[in-house]
Structures are given as structure tokens and as C-alpha cells.
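Here the structure is laid out as C-alpha cells; the discussion comes afterwards.
No lab work stands behind these numbers, since they all come straight from the coordinates. In this text, all values refer to a predicted model and were calculated from it rather than measured experimentally. Neighbour counts are summed over all protein chains in view; Cβ atoms, including those assigned to glycine, are modelled from backbone coordinates with ideal geometry.
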Amino acid sequence: MSRNIAIAGVTGVVGQEFLRLIEERNFKFDSLKMLASSRSAGKKIAFMGEEYTIEELTENSFKGVDVALFSAGGSQSKKFADAVVQSGAVMIDNSSAFRMDPAAPLVVPEVNPEAIKANKGIIANPNCSTIIALVPVWPLHKQNSVKRMVISTYQAASGAGIAAMNELKKQSADILEGREPVCEALPYQAAFNVFCHDSKIGENGYNEEEMKMVNETRKIFDDSQIAITCTCVRVPVMRAHSESINLEFEKPADPAWVREVLEDSPGVIVIDDRDKNRFPMPAIDADGKDDIYVGRIRQDESIPDGRGINLWVCGDQIRKGAALNAVQIAEAMDF
Ligand code: 2RA
């Protein structure tokens with residue numbers, strides 16, 4: 001079997017991380033096509049000792065391609081999905097375009113790798129905050145069903161793209177030097193401020209980012225009954241998300257059991273030192289790393305019968321929250 005890969009959106013933050021991961025993880029490929037908008041077509045990228053020329057992303061880009069890693073925005077994923085599938089390739093899509101499509105598996109390899117083989121040409125990569133929450137919650141849920149999750153997210157600027165990351169830096173400098181901050185890539189001042197995620201708010205008062213956590217969790221866990229509520233906030237951090245997660249289990253759960261399970265779980269690192277008050281920090285621990293960091297493991301004493309647990313988690317939004325999860329899906333595929 002050939003291993004002909006294409007990356008659509010190769011010049012973006014996630015596209016660039018795909019390249020880093022393919023090299024770091026020695027992901028074997030026979031050919032690699034770098035695809036982007038017409039603005040970038042013709043530009044050269046040096047990669048693994050070769051010089052690649054970026055090609056314009058068109059319907060004809062996928063002839064002979066086996067796997068197409070997409071991170072070019074939902075409209076581009078929808079526009080080119082048929083072309084990818086009809087060429088015989090599998091699209092691993094980082095946008096939200098197909099996440100709730102019943103025909104598209106929504107996959108976190110540590111959670112539901114078996115879903116991959118059911119794909120009909122499209123595999124959806126979950127939202128970053130969903131991935132970061134579910135990697136540690138799943139091993140617990142497997143042993144003791146989670147009946148309810150309450151999640152508050154503290155999301156990095158990278159979730160809004162490279163322009164937002166640059167704007168956070170500029171806003172910080174402007175404010176420190178007494179200038180008015182500019183808000184173009186970000187809807188509000190992010191420096192020295194927090195604001196609720198600016199995705200569209202629905203009839204129920206939740207924004208789309210919060211409903212992604214609810215709906216994607218139920219699909220990935222294949223559990224339509226799990227109760228979930230979520231509040232998503234943007235914070236002045238560059239590229240790692242943090243989340244406060246409250247879990248109500250079916251049976252009693254204590255911090256020692258949680259710590260034991262998580263310390264033995266793939267993709268999870270526990271940092272939980274109460275004596276030193278040392279717990280995961282997005283910029284210090286998670287930034288640029290592959291694992292999800294978990295701490296503040298403690299009983300939620302407000303839930304009866306010892307069935308409540310609180311966690312604090314941090315994870316890199318660009319790596320495990322997007323590019324790494326997609327590359328791990330490709331690694332798990334039999335092609
Ligand atoms: C955000 N999760 O952080 C979104 C990006 N995919 O805004």
C-alpha cells in the first residue's frame with residue numbers, strides 16, 4: 001500500500017504543526033503534497049532535506065493521495081470533501097464541518113480508535129477543548145461511569161489562530177507602554193483580560209464552543225445520556241488551554257483511585273503536589289508538549305456518597321488539541 005499524504009492548509013498554525021509532527025514522529029510517507037490558497041501557491045517550503053512547492057488547493061489536488069490532513073477552515077473542508085473521497089483518499093478534518101455527521105467518525109485515538117475503520121472517506125478531528133478534556137476523563141469513565149460533567153475552559157489565543165497570538169503579544173506591549181490595544185484578530189482586549197468565547201450564542205444561551213464540548217463528548221463516548229454543561233472563556237495565554245473539570249460518577253470515586261488510573265493512562269501526566277502547591281500550568285508545563293497534564297485531583301464534597309471529583313487539566317491546543325490528534329489518527333489507520 002502506498003502512503004501518499006496531502007496537507008491542506010499547510011501554511012497555517014496547525015498545518016505547520018503537521019509538518020513538525022510528521023518529522024518528529026518519523027511518520028512514513030511515499031509522497032507529500034503541500035496545499036494552500038492561491039496566495040501561497042508557488043512558495044517553497046524546505047522540509048526533511050527536500051524543497052517542496054506549495055500547490056493551490058483545488059478539486060484536482062487529490063489524485064493518488066491516500067490521506068489528506070485538512071486544517072484550512074470548515075468552508076474549505078466542505079468544498080473539497082467530495083473531491084477527496086472520490087479520489088479514493090481519506091480526509092482527516094480538523095474543522096467542525098463533519099464532526100456531527102453520522103457518517104464521519106469523531107476520534108480521539110486514546111478513547112475510540114475502533115471508530116476509525118467505520119469511516120466512509122471522512123474522519124473528523126474533535127474540537128481542541130473536547131480532546132483536552134476527554135483524554136483524562138475517558139480512562140476514569142471506563143471504570144466508573146461519569147453521569148455528569150461540569151467544565152470551565154480557559155482557552156489560549158492560539159485557538160483563534162496565528163493572528164490572534166500575534167495580537168495578544170502586541171496588545172500586551174501596547175498596554176504596558178500606555179497605548180490603546182488593537183482588537184482585530186480578537187474580538188476584545190485579551191491582554192490582562194478574559195472574555196467569554198465569542199462563538200455564536202444559541203437559543204439555550206450557550207455558545208457554539210460550549211455546545212461542541214457537549215455534543216462531541218456524547219458522540220465520542222457513544223453516550224447520549226451523559227449530562228454535560230460547559231463555560232468557555234478566552235484567556236491571555238499563547239497556545240495551551242486549561243480546563244476545570246467536575247465529575248459526578250455512578251459509584252464512589254476517591255482521589256487516590258483517580259491518581260492511580262491517570263498515572264497509568266496514555267497521553268496523561270499527573271502533576272499534583274499539594275505540599276508544594278504545584279499543579280499544571282499551561283505556559284510552563286503544556287505549551288508545545290504532547291501530553292495532557294492533570295492536577296488538583298480532589299473530592300467534590302458537595303456531591304453525596306463520595307461520587308464527585310474535581311480535576312484541573314492543561315493541554316497544548318495546537319498539538320494534542322489539533323495536529324497531534326489528527327496525525328495519531330493517521331498513524332492508527334491501516335493504509
Ligand atoms: C478556540 N476551539 O479555541 C477553538 C478553536 N478551534 O477558539
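Structural remarks
- Helical runs (DSSP H, four residues minimum) scored at -39500 (n - 2.57) apiece and divided by the length of the chain put the mean residue ellipticity at 222 nm at -8500 deg cm²/dmol.
- Within-13-Å neighbourhood charge of Gly202 [Cβ basis; K, R +1; D, E -1]: -2
- Binned Cα-Cα distances of the chain, short to long, each 10 Å bin given as a whole percent: 6, 25, 33, 24, 10, 2, 0
- With a cut-off of 13 Å between beta carbons, the residues surrounding Ala191 carry a summed charge of 0, where Lys and Arg count +1 and Asp and Glu -1.
- For the chain, built as a Gaussian network whose Cα springs stay under 10 Å, the top-fluctuating residue of Phe47, Phe195, Phe98: Phe47
- Per residue, the Cα convex hull of the range 130-317 amounts to 132 Å³.
- Taking amide H as placed 1.01 Å from N in the peptide plane, the amide H of Ile92 sits under 5 Å from that of Ala68, Leu69, Phe70, Ile123, each at least 5 places away or on another chain.
- Other residues with beta-carbon under 9 Å from the beta-carbon of Ser71 carry, at +1 per Lys or Arg and -1 per Asp or Glu, a net charge of -2.
- Counting only residues at least eight positions apart within a chain, or on another chain, the lysines with an alpha carbon under 20 Å from that of Lys147 are Lys212, Lys219, Lys251.
- In this structure, the pairs whose alpha-carbon distance is over 23 Å, taken from Lys78/Lys120; Lys44/Lys169; Lys33/Lys78; Lys200/Lys289, are Lys44/Lys169; Lys200/Lys289.
- In summary, the helical segments of the chain meeting the span-like criteria, namely a full DSSP H run, a Cα extent along the axis of 18 angstrom or more and a mean Kyte-Doolittle hydropathy of at least -0.5, are 74-86, 128-143, 162-176.
- When you filter the trypsin sites (Lys or Arg not before Pro) in the range 118-212 for DSSP loop state and at most 10 other Cβ atoms inside 10 Å of their Cβ, you are left with Lys200.
- Range in the chain, longest, excluding exposed GluC sites (Glu not before Pro) [loop by DSSP; at most 14 other beta-carbon atoms within 10 Å]: 1-176
- Cα centroid separation - the range 130-190 against the range 218-245, whole Å: 11
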